[in-house]
Every structure is written in structure tokens, then in C-alpha cells.
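What follows is a set of notes on a single structure, which appears directly below.
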Amino acid sequence: MAQRKTRFDRSRLNIGTYCIAEYAREDRHVREMKECGIDFLTAAPKDKKLLDNCEKYGIGVVATGVIPGWWGGDGENAGKFADAVPLEKVKEAADKYEDHPAVWGIDAGDEPSALDYAHYGKLISYAETLFPDKLIYLNLYPNYASVAENTENQVYSQLGTATYQEYIDKYVQLVHTDYICLDNYEFAAGELKLYDNLRIVANACRDSKRDFWIVLQVNSNNPDVWLTADNLRHQAFSSMAFGAVSINWACWTAGWWHNQVLDKEGEKTEQYDKLKTVNMEIRKLEPVYMTYKNISAHFAGKTKDAVAGSGVLCVPVWANEIFANVKPGDGETLAVGYMNKREGRGHALFLADVTDRDGGDKNRSVSFMVNPGYKVKAYHSGEEFELKCENGVYETEITPCGAVMITAEKE
């Protein structure tokens, strides 16, 4: 699918955040967002002070309230979108719209039922003509949303389909965005649900040639739990192993749940420094990562329960036509993303440690071989480790929940 040209720089891995309350829109708040590695905001209003500050610091806004919003909720709204938001309302909104350079996108809604996809397809295509340089943003349900239980006419379900696979297939068929975006909150729903969700959506993105965007959690559904930096790494680097090119963190300020990046007075919580650290690690890999595109995703090493139930193949030792004997250390598990260069010839592996989503004190290891005639390099997300080679076998270390990208280009 051809990619629309908007104010988003889609050659970059864009990092976003959700929910920007009024108490967090001053100059220093927006400067601190930029220092944390944030590129764009969602669930943010078209507020002049916020927009002016975002323009100053080079942050984009996916503005809510420009066109009428819609949320699938618990499923009670399913199938009612066309009546609630006819295309005429979108035209009325466009006629009243006053542009601002910081507006990179227009929010079209959140977590729709598949029963509303047909209208969403029409609405988004129409909105793209009315807002030609804006990304029209729609975020989908995760795979733990409720499914239809009776007939195709039943509307009191969130997905509006019998399976999540069907939910995504219908989106691809009826809604022609050049990306698929969903949220998945692993530390509320579980590790298995994350991997299964990554598999389904990554496959759909590859098959339909769309970008893969995902919303992850920096907050907690349990007020007594503060996610660690390793918890954030695990979500981000697992997603990148499956090809995600945009990562959006929920929530910056109070939106849902607890323990956001800022408290209700607009001051940093302990999540700020954790998120900044992990975003900088993503940034460290971004230049080489975005030079390649994801072709497939697998697991290698120990088949733990979350991996076994994900539908993604896990083998003790992974190999393909370029890389051989890709082997994690004993008892360890890696998410293996195989990538090809976007322009020119070259191959890469994105290896994310998924042994334990809570991390640990001991570094992981990986060994592998590469066909003769290739120049091999390693890029680490965090601490740099030597890439050793002996008798054609390469070996390096990975920090717990971290990632390493291995490139192989013809000499």
C-alpha cells in the first residue's frame, strides 16, 4: 500500500504518548516530553497553548475534538457509528477547522467494533481528502476484547466478530489506512496475549504492506505496582522484533489506571526517568532499525508457556538462508525478527531478550553464524558488548529485556 505524505516523518520510529491533561501543557512540561524522547501526542486537544509549545519543541499532535469522536466502549455502541457521525459532520468540521503547524494528525476514534468498519472506511478516506497533510488516526482493540457470541447481528460485543483474526482481517478489507494501530497492555492482560496480538497484526501489516503501530503501557492497572524499566523494555523490544515502527506509551497524565508519567499536579513520577531511559535505548537502535523492514518473527531457545500459546514458532536453534545456528544461552528465550534492507541489499536480525519480562541480574548471550562473504555488525540497545568471532561462530551478550540488532551486508 502506498504511504500517504503527512506531517509525520514516517522514515523515523515515532514515539508517542497518550493523555495530556490541562495541568501538563506549559512550556516546561512540553520541553520535558521532548527530553523524554516523545515525538507525538494522542488524546490531546487542539489547545492553542499546547500546540504552540509543541511547535516550539518539535512535537506533533494527533488532535482530538476536530471531528466527532467515537469509542467502542464495552460494545454497546457497536454498529451505531454511521448514524452518530455521518459524513456531513466531517465536512462541517473541516469547514470550521483552523490549521496549526503542530497538528500532525486528526483523531477519528478509538477501539471500534468491526460492525463499524464499513463506515470508518468511508469516513477516513473522506477525511484524508479534507485534511490532506494529516494522518487520520484510528486505534483498534487488543485481542483480549470481547467477541461476538451469538450471530453476526449481535452488537453487544466489543470486537463484533467471532475471533480477533477476523476482526483484523475485516479491518484490512474495509479500512484503507497505511498503518494498523492497536493497544495491548501486557501487564494487565498477560504476556501470551501480547505475543499472540503481535503475531496477528504483524502478519496483517506485512501482507497488506502497512506500517505496524502499537500502544503500550507505562502506567499500571494496579495502584500498588509501578512498572520497571525492564517491563517497558520487554514491551518495546518484543514489539520491534515483530516490526513495530511506532510505539505509543499510555499514559502521560491521568487517563485510565494509575501511576502515570506525571502526577495530578503535573510533576514527574518515577516513571519519567524509566521511560526516558528506555526511549533513549530505542533511539539508539532507530537509525539502523529503520533502514530495514521486518520480514518475519519467531522465537528461539526455551519454549516457555507464553511463547507456546502464542501461535509463533519457537525452535531451540533458529536459521534461515543467511543466518545459521542462532542460539540463545541455556534456559533463555529470544524474539527473533528477520529483516531485509529497505533499499539495496542487506539482511538483519532484531534479537529481543524475552526470557523473563521482569529482567534479572545476569546478562543473556546469543551465538550465531553467517554465510561467507558478509560483513557483520552488532548494535546494542543499552550497554555495548563485544561481538566475538571464533571459527565462524559469532557471540555477543544482551542486557536483560534488552535487544541487539545484527546486520549482514555483502562485503
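The values are calculated or read from the model by the stated rules, or taken from the named source; none is laboratory data. For clarity, every value in this text was computed on a predicted model and none was experimentally measured. Here Cβ is always computed from backbone atoms with ideal geometry, including for glycine, and neighbour counts include all displayed protein chains.
Things to note:
- Residue list for the stretch 319-343, filter: exposed (fewer than 14 other Cβ atoms within 10 Å of the Cβ) and either free of Cβ contacts under 8 Å to residues at least 24 places away in the same chain or acidic (Asp, Glu) (or both): 321, 330, 343
- Residue 120 fulfils the conditions (1) modelled with pLDDT of 95 or more; (2) on the phi < 0 side of the Ramachandran plot; (3) out of contact with any Pro (no Cβ under 7 Å at 6 or more places or on another chain) except for a single criterion, (3).
- Any hit, the stretch 181-204, residues being in contact with a strand residue (DSSP E or B) (Cβ under 9 Å, 6 or more places away or on another chain) and surrounded by fewer than 17 Cβ atoms within 10 Å (Cβ to Cβ): yes
- For the stretch 220-235, the condition holds for at least one residue, the condition being that it is outside any helix (DSSP H, G or I) and aliphatic (A, V, I, L, M).
- Of 89, 134, 80, all but one fail to be surrounded by 20 or more Cβ atoms within 10 Å (Cβ to Cβ), within 29 Å of residue 170 (Cβ to Cβ) and of a type in the set (D, E, K, R); the exception is 134.
- Selection from the stretch 355-411 of residues that are free of Cβ contacts under 8 Å to residues at least 12 places away in the same chain and of a type in the set (Lys, Arg): 388
- Some residue of the stretch 62-70 being assigned to a helix (DSSP H, G or I) and crowded, with 23+ Cβ neighbours inside 10 Å: no
- Filter pass, residue 51 being surrounded by fewer than 16 Cβ atoms within 10 Å (Cβ to Cβ), in the same structural domain as residue 170 (by TED's automatic domain parsing), of a type outside the set (Val, Ile, Thr) and at pLDDT 95 or above: no
- Subset of the stretch 104-121 (residues that are more than 12 Å from residue 136 (Cβ to Cβ) and either part of a helix (DSSP H, G or I) or β-branched (Val, Ile, Thr) (or both)): 114, 115, 116, 117, 118, 119
- All of 35, 76 fail the test of being assigned by TED's automatic domain parsing to the domain that holds residue 183, of a type in the set (D, E, K, R) and farther than 26 Å from residue 159 by Cα, apart from 35.
- Pair list, Cβ under 6 Å, 6 or more apart: the stretch 8-25 residue among the charged types (D, E, K, R), other residue outside any loop (DSSP other than H, G, I, E, B): 25/49; 25/50
- Being touching a residue at least 40 places away in the same chain (Cβ under 8 Å), surrounded by fewer than 24 Cβ atoms within 10 Å (Cβ to Cβ), farther than 29 Å from residue 309 by Cα and hydroxyl-bearing (Ser, Thr, Tyr) is a property that holds for residue 125.
- Considering the stretch 231-274, and only residues there that are buried (at least 19 other Cβ atoms within 10 Å of the Cβ) and hydroxyl-bearing (Ser, Thr, Tyr), the residue that is nearest to residue 354 (Cα to Cα) turns out to be 238.
- Residue within the stretch 184-199 that is in contact with a helix residue (DSSP H, G or I) (Cβ under 6 Å, 6 or more places away or on another chain), outside any strand (DSSP E or B), of a type in the set (Gly, Ala, Ser) and in contact (Cβ under 8 Å) with a residue 60 or more places away in the chain present: no
- Those residues of the stretch 334-374 which are of a type in the set (S, T, N, Q), part of a loop (DSSP other than H, G, I, E, B) and in contact with a strand residue (DSSP E or B) (Cβ under 6 Å, 6 or more places away or on another chain), in sequence order: 355, 363
- When 21, 63 are screened for being farther than 21 Å from residue 112 by Cα and not basic (Lys, Arg), only 21 passes.
- Among the residues of the stretch 254-285, those identified as in a loop (DSSP other than H, G, I, E, B) and among the aromatic types (Phe, Trp, Tyr) are 256, 257.
- Meets criteria (within 30 Å of residue 225 (Cα to Cα) and under 20 Å from the mean Cα position of the chain (by Cα)) for residue 342: no
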